[in-house]
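The values are calculated or read from the model by the stated rules, or taken from the named source; none is laboratory data. It should be emphasised that the depicted structure is a prediction, and the values quoted were computed from it without experimental measurement. Here the Cβ positions follow ideal geometry from the backbone for every residue, glycine too, while neighbour counts run over all protein chains shown. Protein only, heavy atoms only, side chains kept; ligands, DNA and RNA dropped before computing areas. Shrake-Rupley method; radii C 1.70, N 1.55, O 1.52, S 1.80 Å.
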Amino acid sequence: MKLFDLHCDTLYRAYTENGSFFEDHYHISYDKTKNIAPYLQCMAVWIPDEYRGESAVRLFEGCLDKLREQLAGSGMRQCVTFDEMQDAADHQEKAVVLTVEGGAVLAGELERIGILQKAGVRIMTLTWNGRNELGDGVGVDNAGGLTDFGKQALKAMEQADIAADISHASERLFYDVAQYSTRPFLATHSNAKAVCPHKRNLTDEQFSIIQQKGGIVGLNFCRDFLHKQSTNAKMYDIIRNAEHFLSWGGEETLAIGSDFDGCDIPSDMQGIASMPTLYEMFLHHNYSEALLQDIFFHNALRFFQRYETAPVSSEAINRKKEMV
């Protein structure tokens with residue numbers, strides 16, 4: 001099977017725990033991916049809310065060094081451009097796309113966006129659950145949206161080909177991104193609030209806005225976001241969330257954003273080794289091979305192609321907030 005996964009925390013764990021992408025106890029171990037090719041994995045540098053300023057910068061730098069160490073001699077590579085991703089797919093390779101989970105990595109300095117670009121970062125989750133220099137996450141009481149710095153950062157990210165991820169965003173920040181973005185944006189790891197009413201999940205309106213903007217939404221395997229009784233979450237609940245998004249015309253919008261190594265997954269799932277089983281479960285629920293290949297791989301790949309070719313327009317900065 002093919003897999004393009006928009007989010008995991010394996011890199012963060014490997015760095016902070018002095019581990020490896022080949023650790024047997026991690027959700028993602030490349031030793032368990034022999035039945036998955038091509039396999040493109042977005043690996044996030046998670047910036048926890050207690051990291052700000054220089055500590056956030058150092059955390060990113062340490063994770064970047066860890067990524068380069070792990071890729072050296074592994075036969076895998078880091079992909080930055082769509083052409084590189086397509087080439088990896090064409091040659092049935094395993095590759096990594098670097099992302100950041102938390103705009104605190106900028107330490108309040110726009111110049112750091114250029115540093116992320118040079119490192120090959122392609123997606124940045126604007127907030128985690130708390131507040132940072134860009135705006136408020138979903139865990140902030142009476143949350144606001146993008147700060148003035150956040151609006152400047154969003155514009156600079158688009159100019160640097162770094163897509164904005166609104167997973168973890170407050171509602172107001174989401175709608176600010178919808179207003180001020182000129183290129184597609186995405187939710188790398190978020191489910192349907194109509195299926196599981198967790199504050200981290202997306203409303204139908206939010207999903208539709210992402211869809212209208214040419215973005216994508218990655219299905220999250222975190223059991224808290226799959227089922228309102230989280231301990232009851234099973235792999236079938238991933239299908240339930242997919243079916244809801246597909247009922248809103250999400251055939252070209254839906255993707256995979258596992259959150260492996262960053263959450264508790266369903267009890268009947270064993271991490272990356274369970275992905276072929278999940279694929280088969282979808283098939284048994286009458287999903288076509290063509291649709292499944294889109295959800296598991298092609299929709300994510302096409303997003304990067306769309307993003308790179310989308311013009312950066314200043315007109316969107318003055319657009320009326322019609323979607324609020």
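Looking for something closer than 30 Å to V140 by Cβ, of a type in the set (G, A, S) and under 19 Å from the mean Cα position of the chain (by Cα) - is there at least one such residue anywhere in region 4-16?
Residues of region 4-16 closer than 30 Å to V140 by Cβ: 5-16.
Restricting the remaining residues to those that are of a type in the set (G, A, S) gives 14.
Those left that are additionally under 19 Å from the mean Cα position of the chain (by Cα): 14.
Scanning region 4-16 turns up at least one residue that is closer than 30 Å to V140 by Cβ, of a type in the set (G, A, S) and under 19 Å from the mean Cα position of the chain (by Cα).
Are there strands (runs of 3 or more DSSP E) fully within region 1-109 with at least 1 residues that are open to solvent by 50 Å² or more (accessible area, probe 1.4 Å) and not charged (D, E, K, R)? List them.
Details: elements: 3-5, 39-46, 94-101.
So the answer is 39-46.
Is there a residue being touching a Pro at 6+ places or on another chain (Cβ under 9 Å) and either farther than 23 Å from E308 by Cβ or part of a helix (DSSP H, G or I) (or both) anywhere in region 138-160? Steps first, please.
At the first step, the residues of region 138-160 found to be touching a Pro at 6+ places or on another chain (Cβ under 9 Å) are none.
Within region 138-160 (the criterion being touching a Pro at 6+ places or on another chain (Cβ under 9 Å) and either farther than 23 Å from E308 by Cβ or part of a helix (DSSP H, G or I) (or both)), the answer is no, since none of the residues qualifies.
Given the condition in a strand (DSSP E or B), at pLDDT 95 or above and surrounded by fewer than 24 Cβ atoms within 10 Å (Cβ to Cβ), answer yes or no: does some residue in region 188-201 qualify? Reasoning before the result, please.
Here is the first cut: in region 188-201, the residues in a strand (DSSP E or B) are 192.
Those still in the list that are at pLDDT 95 or above too: 192.
Those left that are additionally surrounded by fewer than 24 Cβ atoms within 10 Å (Cβ to Cβ): none.
No: zero hits.
For region 262-272, check the following and say yes or no: at least one residue is farther than 19 Å from Q206 by Cα and in a helix (DSSP H, G or I). So that I can check it myself, show each step before the final result.
Filtering region 262-272 for residues farther than 19 Å from Q206 by Cα gives 262-272.
When the remaining residues are screened for being in a helix (DSSP H, G or I), the result is 271-272.
Checked region 262-272: at least one residue is farther than 19 Å from Q206 by Cα and in a helix (DSSP H, G or I).
List pairs: first residue in region 153-171 and open to solvent by 10 Å² or more (accessible area, probe 1.4 Å), second residue modelled with pLDDT of 95 or more and among the aromatic types (F, W, Y) anywhere in the structure, Cβ distance under 7 angstrom, at least six positions apart or on different chains.
These pairs meet every condition: H168/W128.
Can you report the number of residues in region 24-55 which are among the hydroxyl-bearing types (S, T, Y) and within 26 Å of D294 (Cβ to Cβ)?
Going residue by residue through region 24-55, those that are among the hydroxyl-bearing types (S, T, Y) are 26, 29-30, 33, 39, 51, 55.
Still in the list and also within 26 Å of D294 (Cβ to Cβ): 30, 33, 39.
Result for region 24-55: 3.
Would you check if G218 is open to solvent by less than 30 Å² (accessible area, probe 1.4 Å), farther than 25 Å from H25 by Cβ, not basic (K, R) and not in a helix (DSSP H, G or I)?
no
Residues that are out of contact with any Phe, Trp or Tyr (no Cβ under 8 Å at 6 or more places or on another chain), farther than 30 Å from M281 by Cα and touching a residue at least 60 places away in the same chain (Cβ under 8 Å): does region 51-64 have at least one? Give the steps one after another, and end with the answer.
Filtering region 51-64 down to residues out of contact with any Phe, Trp or Tyr (no Cβ under 8 Å at 6 or more places or on another chain) leaves 51-58, 60-61, 64.
Next, from what is left, pick out any that are farther than 30 Å from M281 by Cα: 51-58, 60-61, 64.
Filter again for touching a residue at least 60 places away in the same chain (Cβ under 8 Å), leaving 52.
Yes, that holds for at least one residue.
From the list G114, G73, G150, which residue is out of contact with any Ser or Thr (no Cβ under 7 Å at 6 or more places or on another chain) and free of Cβ contacts under 8 Å to residues at least 12 places away in the same chain? Spell out how you get there, then give the answer.
Details: G114 fails: free of Cβ contacts under 8 Å to residues at least 12 places away in the same chain; G150 fails: free of Cβ contacts under 8 Å to residues at least 12 places away in the same chain.
On inspection, the qualifying residue turns out to be G73.
Going by the conditions given, is T127 under 22 Å from T203 (Cα atoms), part of a loop (DSSP other than H, G, I, E, B), open to solvent by less than 10 Å² (accessible area, probe 1.4 Å) and touching a residue at least 24 places away in the same chain (Cβ under 8 Å)? Break it down stepwise before answering.
On the way: under 22 Å from T203 (Cα atoms): yes; part of a loop (DSSP other than H, G, I, E, B): yes; open to solvent by less than 10 Å² (accessible area, probe 1.4 Å): yes; touching a residue at least 24 places away in the same chain (Cβ under 8 Å): yes.
The answer is yes for T127.
Tell me, yes or no, whether region 293-305 has at least one residue that is at pLDDT 95 or above, under 21 Å from G249 (Cα atoms) and open to solvent by 70 Å² or more (accessible area, probe 1.4 Å).
Initially, region 293-305 is screened for residues at pLDDT 95 or above, giving 293-305.
From what's left, under 21 Å from G249 (Cα atoms): 293-305.
From what is left, the residues that are open to solvent by 70 Å² or more (accessible area, probe 1.4 Å) are 302, 305.
So far as region 293-305 goes, yes, one or more of its residues are at pLDDT 95 or above, under 21 Å from G249 (Cα atoms) and open to solvent by 70 Å² or more (accessible area, probe 1.4 Å).
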